[in-house]
Number of protein chains: 4
Amino acid sequence: MGEVLGVAVLGAGHMGADHIRRLAHLVSGARVAAVADPDTERAQEVVAGLDGVSVHAEAAAALDAPGVGAVLIASPGPAHEEALLAAFDRGLPVLCEKPMVPDSTGALRVLEAEARLGRRLAQIGFMRRYDAEYQRLKSLLDGGGLGRPLMLHCTHRNVSSPPGFTSAMLIDSSVSHEIDAARWLLGQELTAVTVLRPASSSGAPQGLADPQFVVFETERGALVDVEVFVNCGFGYQVRCEAVCEAGSARIGDEHTMVVTTRGGAREDVAQDYLVRFADAYDRELRAWVDATRRGRVTGPSVWDGYAASVVAEAGVRALETGRRTTVELAPRPGLYATPGR
Amino acid sequence: MGEVLGVAVLGAGHMGADHIRRLAHLVSGARVAAVADPDTERAQEVVAGLDGVSVHAEAAAALDAPGVGAVLIASPGPAHEEALLAAFDRGLPVLCEKPMVPDSTGALRVLEAEARLGRRLAQIGFMRRYDAEYQRLKSLLDGGGLGRPLMLHCTHRNVSSPPGFTSAMLIDSSVSHEIDAARWLLGQELTAVTVLRPASSSGAPQGLADPQFVVFETERGALVDVEVFVNCGFGYQVRCEAVCEAGSARIGDEHTMVVTTRGGAREDVAQDYLVRFADAYDRELRAWVDATRRGRVTGPSVWDGYAASVVAEAGVRALETGRRTTVELAPRPGLYATPGR
Amino acid sequence: MGEVLGVAVLGAGHMGADHIRRLAHLVSGARVAAVADPDTERAQEVVAGLDGVSVHAEAAAALDAPGVGAVLIASPGPAHEEALLAAFDRGLPVLCEKPMVPDSTGALRVLEAEARLGRRLAQIGFMRRYDAEYQRLKSLLDGGGLGRPLMLHCTHRNVSSPPGFTSAMLIDSSVSHEIDAARWLLGQELTAVTVLRPASSSGAPQGLADPQFVVFETERGALVDVEVFVNCGFGYQVRCEAVCEAGSARIGDEHTMVVTTRGGAREDVAQDYLVRFADAYDRELRAWVDATRRGRVTGPSVWDGYAASVVAEAGVRALETGRRTTVELAPRPGLYATPGR
Amino acid sequence: MGEVLGVAVLGAGHMGADHIRRLAHLVSGARVAAVADPDTERAQEVVAGLDGVSVHAEAAAALDAPGVGAVLIASPGPAHEEALLAAFDRGLPVLCEKPMVPDSTGALRVLEAEARLGRRLAQIGFMRRYDAEYQRLKSLLDGGGLGRPLMLHCTHRNVSSPPGFTSAMLIDSSVSHEIDAARWLLGQELTAVTVLRPASSSGAPQGLADPQFVVFETERGALVDVEVFVNCGFGYQVRCEAVCEAGSARIGDEHTMVVTTRGGAREDVAQDYLVRFADAYDRELRAWVDATRRGRVTGPSVWDGYAASVVAEAGVRALETGRRTTVELAPRPGLYATPGR
């Protein structure tokens, strides 16, 4: 597999630091070569103890640093477009955290830029595709034994939302995971979306529409419903049930240790996505490093990032208008063969 | 508790025969006194071996038979209105199988008739209220420990639909159980309904819209979604998850014996509602007999039967038009205090 | 089925009162005709509100009371032998609570008395045979699909033991249920027993050997191990896993409602055997009344009661000596064909 | 963390090859520097595509190869003692697969050799200590919330045994995992063992005593029972329930995807320990590499390897004699502070 892959990490915040830890300690065959963050002091702290890492205020400088063979974008969403285009200019393979680009117009520009290159350089960070349970479900559905999928029932719950979380973010930040997962599991595009608003929980911040109930339609007539509830108070729960013509399959109720005491029989519920999906993040990074070192680009594509962004925008409009809203995608460039792959 | 209760059973079909068996063999304090069915031969067969039962072609004749102190209506839906009014005329307590009356106009006439009597005589056969799991969920919600309910996610699946089952019957025959259960669990009226139609299963008869996905709104802003799938092929599954401000509770995944063999770990799935809800039917009948012998009427009321019928009609319109449809109830007579009780 | 069965209930304590309630209110075709208890005042209270019940201080007087066609023995164990023999003298069918007779010598006398009659009159109250889960397991094992049973792993836990409960009673009162269940499930006699004593729980009364771990061997080489823990503190748990040549099957982990709150996902654990086995008691009594009215005797036999008593005595010796102890049964009279049936 | 750790892997069989794959592709901070196997051709194949690995027929030559900073022993058990002593001579940190040394006399020699060094060099490959579920159970028990442990109920099942598997190997190869897990979970030495032999399964090879039921006693009076069944036919199942004074905790029934089809609700059962414990092996190797690079030795010690070997030998004697057999350990050298840590 040749050389160890030198990675420039853009962004040294929560997610960036987590990825730096993975590259430095968990993923063999890769190392952190450069880090860019406007807050260079923070970046210095994050890489303390790692050898051979240069720290930069500017993304471009990190991309041009010696030893950089690939880019991991973990900066805030608004900086993604410029970083992606800069990587494309340099022919550098990229792993870009979600959202690929916050608005669909920018996402389209990125799509067109990569299409012009004529080859894939970017993988988008939809890490659920690397979760063992999701992969088992995907493989079951692809195997065909359950027949055609008719419905996906999804649950996405968080203990509480961070400060500044808006009603639209339940769609474009939280449900965006289900948007990608549904497209990938079903191998179909989403064509319309309706958002229903039950009474908001008194546990949610004043003014936040939480929970919401989102219903997507797909190009071949399946329904995808998502309960998103970001202030449920009790845990981080991600579940998915696929209802097919010949049976149903359900993930996300995994149980491990059952403790029985005076209060009954009890199982822990994960409190955090970094816990629930820790293995998925590891596997995602490992897969990206392995593929990159082999000169390949796999995983969720820029088309997937673009489609997720268009669907999320339609979802936000559906939330605001209370109406069923259709999803209008640009024609798919030939570079991106199969939907959701 | 005095006398054994003599019951006139109207209808000796599948459900009628089952209730006759219960009254004869399982429920103490009651006996079958008379049976009416146009097919008197069949009725004779059903009561063979039981002492002191008179068989009649006409419902009225059964009501007037000697020893009759109460009526159980298990005839086809279109015969219910006349039978209920006849029981009211004679002051006889009634247990009426669902649907109370197939159309809401007839249901309203029954409601007005009982309201004119000024006292309850009829209990409607929504037997889920007598299921141990539903009762546990109801008691948990009423206890308030989980806070205000925000959503109910419901599943209602049958192995296959009987001949002649129409797309509308998924709503007014199958989902009618969830309509009552939701009203009862939440203690709220349903105010609007939307029906979504995923692609129909190839396992469903040609032309039947199956599955359907029905979303109800309630007077205090809760959402109730129901997957109804009457040709799912694998079993009879009824599940309900209540999502509240401080937690969620789920019933219907009950497991019993786990068998592990070369194929994996397996649990049986009930194939039939008479199996899944056998205990609920027993408990319902026992509760009705006990209350009746004490001179009381409890359980689901004529108002519940009326409301279920209005909501179901709105649901069928929503299915046909593809539009969100509001539910318009007549004013509630004082006789029927609390919704869903 | 003819006449309503008039039952003389001997003993109006906890269990007697419970059975009186069942006969009066739950089981059709039977009524309480007479009750005997040395504490006639208590007996009067228990039958208050029931018509046509005579109350007696002496068991014999109750057996001879008018309208008595069968006997239910729920008096303390030491009174059982005399009551059974009195019922045999009068040719009355009996349901006798466990233990049939506390010591195996007395049990043998009852066995010989019934064998002399040449027909079965008594059914012994091993109610687990009427539990739905046990019946499912029995039917699975009898079906042969899992092959020959090699081991049964059993758990028997109570929240706390009643005052006066001795170390021997963990065997002859608690484990006696597993003794019968194992004989019945496997269709084999138990041939030896070893009792292991882990450190006693600090939650158990001073001096009580609790928990104990009991291992039985059967005539065809299966092993049956039982954890008995009568001061486990958290609930009443009865579990059984049958390990067979081609798979395993497990009952007793039944779950119903799952409640998820800040503390995790939780299920209730039954606190009491009257709750856990309520349906089994109902079914047992109903089966006994039905069979008796048909002139039949089914269910656990006097041989089963005798064998349970011999095995329990061997178990107590094994506990006291710390040694593997063999079980020596008298020859089986022809009246009792199949073991454990 | 400085230099990448160069590892000499002794043995290129099934387990050796698996560890070579882990070191090469999964564990950052380590690389395979040398491999020794009498079958050098096979060793060459296993390391094909890896850079900088020297291949040797002799273990000693691999230990002396350039770049070697640590040793992983995955050769057959009889070769372990010599390899461990050779590593001690060279002051090289070792990870030694279980069994540490097949016989307790040899194990004692290794123990004494390391004790003479006065510092730990070796970690023994009891990988269950690195399994997430076992770690959760350990941490729960150590937390003390459930009170003192009284019993461990363990299950260890394999689909089928490899050719040449003997009755003694059910104890010293299979149950040896439970021996270590019990010592570690309880923090107590095992003091006696009894082996019970149910009828052997017709699915087991002729003459193999399979299943067996093994009961251990611990120094503070806990009981540990193990069902070991290496030809159960259906899967690889490892379960453990800890019964404590204030509650119980159970691992090994983990479920993931539930698939419901015409045959019921089904979950897969792992078929292989490399699948079930894949993460544990990864975590074990990562922990070893990390500690070694920090100059530390953690994980199961030579004392643990020695104790497991003494207990297993007592178990084999108990199997052969049918008698309770006590466990006699040599005095514990001061180097090995706490039991099972």
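The values are calculated or read from the model by the stated rules, or taken from the named source; none is laboratory data. What you are looking at is a predicted structure, and each value in this text was computed from that prediction instead of being measured. A quick note on method: Cβ atoms are made from the backbone with ideal geometry, for glycine too, and the neighbour counts reach across all protein chains shown. Heads up: the accessible areas ignore ligands, DNA and RNA and are worked out on the full protein's heavy atoms, side chains in. Shrake-Rupley method; radii C 1.70, N 1.55, O 1.52, S 1.80 Å.
Quick one: how many residues across the range A:34-86 are of a type in the set (A, V, I, L, M), loosely packed, with under 14 Cβ neighbours inside 10 Å and out of contact with any helix residue (DSSP H, G or I) (no Cβ under 8 Å at 6 or more places or on another chain)?
Qualifying residue count for the region: 1.
Quick one: residue C:17 ticks every box in (1) open to solvent by less than 20 Å² (accessible area, probe 1.4 Å); (2) of a type outside the set (S, T, N, Q); (3) under 24 Å from the mean Cα position of the chain (by Cα) except a single one, so which number is it?
(1)
Give the residue that is farthest from the chain's Cα centre (by Cα), with candidates limited to residues of the range B:93-104 that are open to solvent by 10 Å² or more (accessible area, probe 1.4 Å) and over 14 Å from residue B:307 (Cβ atoms).
In this case the residue turns out to be B:93.
Determine, yes or no, whether residue A:89 is farther than 26 Å from residue A:118 by Cα, free of Cβ contacts under 8 Å to residues at least 60 places away in the same chain, open to solvent by 10 Å² or more (accessible area, probe 1.4 Å) and among the acidic types (Asp, Glu).
For residue A:89, the condition - farther than 26 Å from residue A:118 by Cα, free of Cβ contacts under 8 Å to residues at least 60 places away in the same chain, open to solvent by 10 Å² or more (accessible area, probe 1.4 Å) and among the acidic types (Asp, Glu) - is not met.
Go through the range B:86-131 and count every residue that is among the basic types (Lys, Arg) and over 18 Å from residue B:336 (Cα atoms).
3
Within the range C:190-242, which residues are more than 7 Å from chain D (Cβ to nearest Cβ) and of a type in the set (Gly, Ala, Ser)?
C:192, C:200, C:204, C:207, C:209, C:235, C:242
Can you tell me which of B:133, B:112 is modelled with pLDDT under 95 and of a type outside the set (Gly, Ala, Ser)?
Numbers: B:112 fails: modelled with pLDDT under 95.
B:133 is the lone residue from the list that is modelled with pLDDT under 95 and of a type outside the set (Gly, Ala, Ser).
Would you check if there is a residue in the range D:79-89 being in a helix (DSSP H, G or I) and within 19 Å of residue D:283 (Cα to Cα)?
As a first pass, look at the range D:79-89 and keep what is in a helix (DSSP H, G or I): D:79-89.
Among the residues that remain, those that are also within 19 Å of residue D:283 (Cα to Cα) are: none.
Checked against the condition, which is being in a helix (DSSP H, G or I) and within 19 Å of residue D:283 (Cα to Cα), the range D:79-89 yields no hits at all.
When the residues of the range D:276-289 are narrowed to those that are more than 8 Å from chain A (Cβ to nearest Cβ) and open to solvent by 20 Å² or more (accessible area, probe 1.4 Å), which ends up nearest to residue D:69 (Cα to Cα)?
D:287
With C:194, C:261 as the choices, which residue is in the same structural domain as residue C:319 (by TED's automatic domain parsing), under 18 Å from residue D:226 (Cα atoms) and touching a Leu at 6+ places or on another chain (Cβ under 9 Å)? Before you say what the answer is, go through the steps one by one.
Details: C:261 fails: under 18 Å from residue D:226 (Cα atoms).
Just one listed residue meets the conditions, C:194.
Restricting attention to the range A:128-165, which residues are buried (at least 16 other Cβ atoms within 10 Å of the Cβ), assigned to a loop (DSSP other than H, G, I, E, B) and more than 14 Å from chain B (Cβ to nearest Cβ)?
Selection gives A:131, A:161, A:165.
For the range C:216-251, give me the residue count where each residue is under 18 Å from the mean Cα position of the chain (by Cα) and open to solvent by 10 Å² or more (accessible area, probe 1.4 Å).
Summing the residues that are under 18 Å from the mean Cα position of the chain (by Cα) and open to solvent by 10 Å² or more (accessible area, probe 1.4 Å) in the range C:216-251 gives 3.
Take residues that are over 23 Å from residue A:130 (Cβ atoms) and tell me which of the strands (runs of 3 or more DSSP E) falling wholly in the range A:227-269 contain 3 or more.
Strands (runs of 3 or more DSSP E) meeting the threshold: A:258-261, A:264-267.
Please tell me if residue C:183 is in a helix (DSSP H, G or I) and more than 8 Å from chain D (Cβ to nearest Cβ). Can you show your working first?
On the way: in a helix (DSSP H, G or I): yes; more than 8 Å from chain D (Cβ to nearest Cβ): yes.
Spelling it out, residue C:183 is indeed in a helix (DSSP H, G or I) and more than 8 Å from chain D (Cβ to nearest Cβ).
Within the set of pairs 6+ apart or on separate chains, which have a first residue in the range A:260-275 that is more than 17 Å from residue D:241 (Cβ to Cβ) and facing another protein chain (nearest Cβ under 7 Å), a second that is part of a strand (DSSP E or B) and β-branched (Val, Ile, Thr), and C-beta atoms under 7 Å apart?
These pairs meet every condition: A:269/C:260.
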